[in-house]
Every structure is written in C-alpha cells, then in structure tokens.
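S.K.: What follows is a single structure, and I will ask about it in a moment.
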Amino acid sequence: MTHYQKSTTDPTCYRANDPNCYTYVDGYGFTPPPPIVTERRMLQRYSNGLGFATLLYFLLAAIVPFILLWTFSFFRPAIRVYGNQVMASGPIIQLVNILSSVICLSLPFLLFILLSHVPMRVAFPLKRFSPSLCVPCVFLALAVSVIGITSSTLISTLLSFLGLQPHTNLFLPQNLVSRLLFGLHLCVIVPLLEEFVFRGMIFQSMRRFGDSFALIISATLFALFHGNLVQAPNAFLMGLVIGYFVLYSGSLWVGVIIHAVNNILSFAMDWLCSIMPQEYHTLFILSVFTFYLIAGIASLLVLVRKYPNMFMFIRSTTFSTERIKYRVAFSSVTMVFALILLSIIILQNMF
C-alpha cells in the first residue's frame, strides 16, 4: 500500500511528511487532513465568527437606539428624532442606552455561539462558588485595577503632551431618575452583560484552543470594545484577572461580582469627587488606591495559603504553537475588518 501526500498549496505536488498535505492511500483515496490542519481551520472559522459578531455589534449600535427612540415616540409624542439629533428626557435617554447595550452586545455573540455549536452550559458556566474564594479575588482585582488606572493615566499624560485629549470622562446625569438608571446600567446591567459575553461566550468558546490563548483573546477584545486608548490598559488587565478567576472558580458569577464591585466603587468615587472640593481630590484618590493595594496584597497571601495551586497555570495542549494561533486568529477576514473598525473608533476618540 502506497502513501502520498497532496499539498494544499500546490495540488499538483505530492510529498511526504508535510502537515499541510492530504494523505493519499491506494484503494482509499485522500484521507482527512491531519489534526493540526483541522485545528487551524476551526480556529479560523471561530475567529471569523467573532469578527462577524463584532461588525454586527457596531451595525446594530448604529441603528438600534434610533429604532427604540422612534418606537418610544409613538407613546411619548414629546420625543423628537431629527436625523442624528434627538430631543428626549434624561430618563428616556438612559432607558434607550440600557436596552441598546443589551440588544447590540448580546444578539451578535449569541448568534456566534449558536452557529459555532457551542453548548449553552459551556458558554455560561454558572456553578456555585465559595464566598471565601470570591472576596479575596475581588480585592486582588481592585489592586490590579490600580496598576491599570496608573498605566491609563500615564498614557493620558503622554497624549496630552502631543495635543490629544481622549474622551474618558464619566458624565453623571443631574436628574435623579436619570442618575438612578445610569447607576443601574453601569453597576448591574454592564457587569452582567459584559461578563456573559466576554468571559462567557467569547472566552469559553475559545478555550478549546488553549486557556491562556482564550484569556488573551477575550481580554484583548474586551479592551478594544472600550473604544479608547486610555482605558485599554486597565480594561485589558482587568479582563485577564477576571477571566483567570472565572477559569479557576468555574463560575461566571465570580466575574460578575468583581466587575460589579469595581464599577460600583468607580461610580461612587466619581460621585464623591463631584461634590468634594477640588483640592481634596488627589488625596482622596490616593487614599482609596492605597487601601486597594494593601487589601490586594493581603488577599493574595490568603489565596496562596488557602489555595496553593491557584496560580499554577496549566498550559493546555494544542497542535499549533501560540504564535501560529494568534496569527490565524487575527488574520481571518472578518477579524481584520473588525480590528480596523475598532482602531478607527479608538483614533476618533483621541481627537
């Protein structure tokens, strides 16, 4: 029985020991491609799916808010939509923001996992977790956020020297109802939605190509989706930390709690700074960050002592090297277009 291999790049060429070739066996024909080729093709398909979901997200984000406003205008004639100009009350605007974020972010990635045949129980791991594990994880994540915020501040300072002023300020509504809806969105809806998307559907679906690879991919997309170069370092670090704790605990609820606590404290700090005299802002922020660091170091010691294997990351076994996996993931057609669009948005927010 004779064995040949047909090159995928040159169909007229037959040679042995080439992983990118089909194997020909006399009497049987061409056998399926080797596992390494199958893995790369599957990764390319998943990457194209993520890129398509990202592009669909921005398409929906451009039209869904206006569809919701037009729908509300039938019941509230005071609402007016003139092209890109909107006349509506603060609570209506906040309600539209909440509904838009849920629809625009959840639908594309739900479609992604459905087309990728990822089981719901895999995409959304919701097992019970121990509070003794979750509480130290929260404080450790807050300590890491200090590093991320410091990095973001340095980038903001560097950009200001170049005459660039990225839009990073959090504008708190003045109306009480609007502020309550804004707080609900930031502190409850966003943590639930983003964790179920980035640490759920994206991270869990990509774990078949390696846990560390899935962590980097999900954290990178999480940072890019913030649409701001200044916020990207903190978002990337928090994405890595939250993703790792979700991986270790096996529960998305741990990520939701960490994310929610971080957003609640950020919201509270912004509100306190808005009513506090300007000269006390720096001292207040430094005091809070010092507490985060001390509590984070203490939490790290507790976790290492109680869970000795917690930070012993076991590398997943895959056929392709990490370098090849990243090259395949970021070079798929729809992912390239999605990255270009995200880059344009980040650049626009710098001016």
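S.K.: Among SER218, SER212, SER152, which is over 16 Å from the mean Cα position of the chain (by Cα) and open to solvent by less than 60 Å² (accessible area, probe 1.4 Å)?
M.R.: Every option except SER152 fails the conditions.
S.K.: Related question: Can you tell me how many residues in segment 203-214 are hydrophobic (A, V, I, L, M, F, W, C) and in contact with a Phe, Trp or Tyr (Cβ under 7 Å, 6 or more places away or on another chain)?
M.R.: 2
S.K.: Given the conditions (1) closer than 15 Å to LEU99 by Cα; (2) touching a helix residue (DSSP H, G or I) at 6+ places or on another chain (Cβ under 6 Å); (3) of a type in the set (Asp, Glu), and given that GLU195 satisfies all but one, which numbered condition is not satisfied?
M.R.: (1)
S.K.: Here's another thing I want to ask about it. What tally of residues in segment 257-292 results from selecting those that are open to solvent by 70 Å² or more (accessible area, probe 1.4 Å) and under 30 Å from SER130 (Cβ atoms)?
M.R.: Residues flagged as open to solvent by 70 Å² or more (accessible area, probe 1.4 Å) and under 30 Å from SER130 (Cβ atoms) within segment 257-292 amount to 3.
S.K.: Follow-up. Got a sec? Which of ILE93, ILE67, ILE79 is within 22 Å of PRO191 (Cβ to Cβ) and more than 18 Å from the chain's Cα centre (by Cα)?
M.R.: None of the others qualify; the one that does is ILE93.
S.K.: Next question. Within the bounds of segment 60-67, is there any residue that is surrounded by fewer than 18 Cβ atoms within 10 Å (Cβ to Cβ) and either modelled with pLDDT under 90 or part of a loop (DSSP other than H, G, I, E, B) (or both)?
M.R.: So far as segment 60-67 goes, yes, one or more of its residues are surrounded by fewer than 18 Cβ atoms within 10 Å (Cβ to Cβ) and either modelled with pLDDT under 90 or part of a loop (DSSP other than H, G, I, E, B) (or both).
S.K.: Taking the options THR290, THR282, THR334, THR317, name whichever one is over 30 Å from SER156 (Cα atoms) and either assigned to a loop (DSSP other than H, G, I, E, B) or out of contact with any Phe, Trp or Tyr (no Cβ under 8 Å at 6 or more places or on another chain) (or both).
M.R.: THR317
S.K.: Hey, among the residues in segment 182-208 that are over 17 Å from the mean Cα position of the chain (by Cα) and open to solvent by 40 Å² or more (accessible area, probe 1.4 Å), which one's farthest from LEU240 (Cα to Cα)?
M.R.: So, considering only residues that are over 17 Å from the mean Cα position of the chain (by Cα) and open to solvent by 40 Å² or more (accessible area, probe 1.4 Å), the one farthest from LEU240 (Cα to Cα) is LEU184.
S.K.: So, LEU50, is that one crowded, with 18+ Cβ neighbours inside 10 Å and within 26 Å of the chain's Cα centre (by Cα) or not?
M.R.: Answer is yes for this residue.
S.K.: Can I ask one more? Check whether at least one residue in segment 185-208 is in contact with a Ser or Thr (Cβ under 7 Å, 6 or more places away or on another chain) and of a type in the set (Lys, Arg), and report yes or no.
M.R.: yes
S.K.: If the requirement is being of a type outside the set (Gly, Ala, Ser), buried (at least 18 other Cβ atoms within 10 Å of the Cβ), without any contact (Cβ under 8 Å) to a residue 40 or more places away in the chain and in contact with a Leu (Cβ under 7 Å, 6 or more places away or on another chain), which of these qualifies: ILE79, ILE92?
M.R.: ILE79
S.K.: Would segment 123-142 turn up any residue that is under 22 Å from TYR57 (Cβ atoms) and open to solvent by 20 Å² or more (accessible area, probe 1.4 Å)? Even if it seems obvious, please write down each step before you answer.
M.R.: First pass over segment 123-142, keeping only residues under 22 Å from TYR57 (Cβ atoms): 123-124.
Checking which are open to solvent by 20 Å² or more (accessible area, probe 1.4 Å) leaves us with 124.
The answer is yes, given that some residue of segment 123-142 is under 22 Å from TYR57 (Cβ atoms) and open to solvent by 20 Å² or more (accessible area, probe 1.4 Å).
S.K.: Would you check if GLY296 is open to solvent by less than 50 Å² (accessible area, probe 1.4 Å), touching a Lys or Arg at 6+ places or on another chain (Cβ under 8 Å) and modelled with pLDDT of 95 or more?
M.R.: no
S.K.: Now for a separate question. Quick check: is even one residue across segment 305-312 in a helix (DSSP H, G or I) and either in contact (Cβ under 8 Å) with a residue 12 or more places away in the chain or open to solvent by 60 Å² or more (accessible area, probe 1.4 Å) (or both)?
M.R.: Scanning segment 305-312 turns up at least one residue that is in a helix (DSSP H, G or I) and either in contact (Cβ under 8 Å) with a residue 12 or more places away in the chain or open to solvent by 60 Å² or more (accessible area, probe 1.4 Å) (or both).
S.K.: For the structure I just gave you, tell me whether ILE36 is within 30 Å of SER218 (Cβ to Cβ), β-branched (Val, Ile, Thr) and at pLDDT below 90.
M.R.: On the way: within 30 Å of SER218 (Cβ to Cβ): yes; β-branched (Val, Ile, Thr): yes; at pLDDT below 90: yes.
Taking the combined requirement at face value, the residue satisfies it.
The values are calculated or read from the model by the stated rules, or taken from the named source; none is laboratory data. What you see is a predicted model, and the numbers here were worked out from it, not measured in a lab. Cβ atoms come from the backbone with ideal geometry, glycine included; neighbour counts cover every protein chain shown. These accessible areas exclude ligands, DNA and RNA; they are computed on the full protein's heavy atoms, side chains included. Shrake-Rupley method; radii C 1.70, N 1.55, O 1.52, S 1.80 Å.
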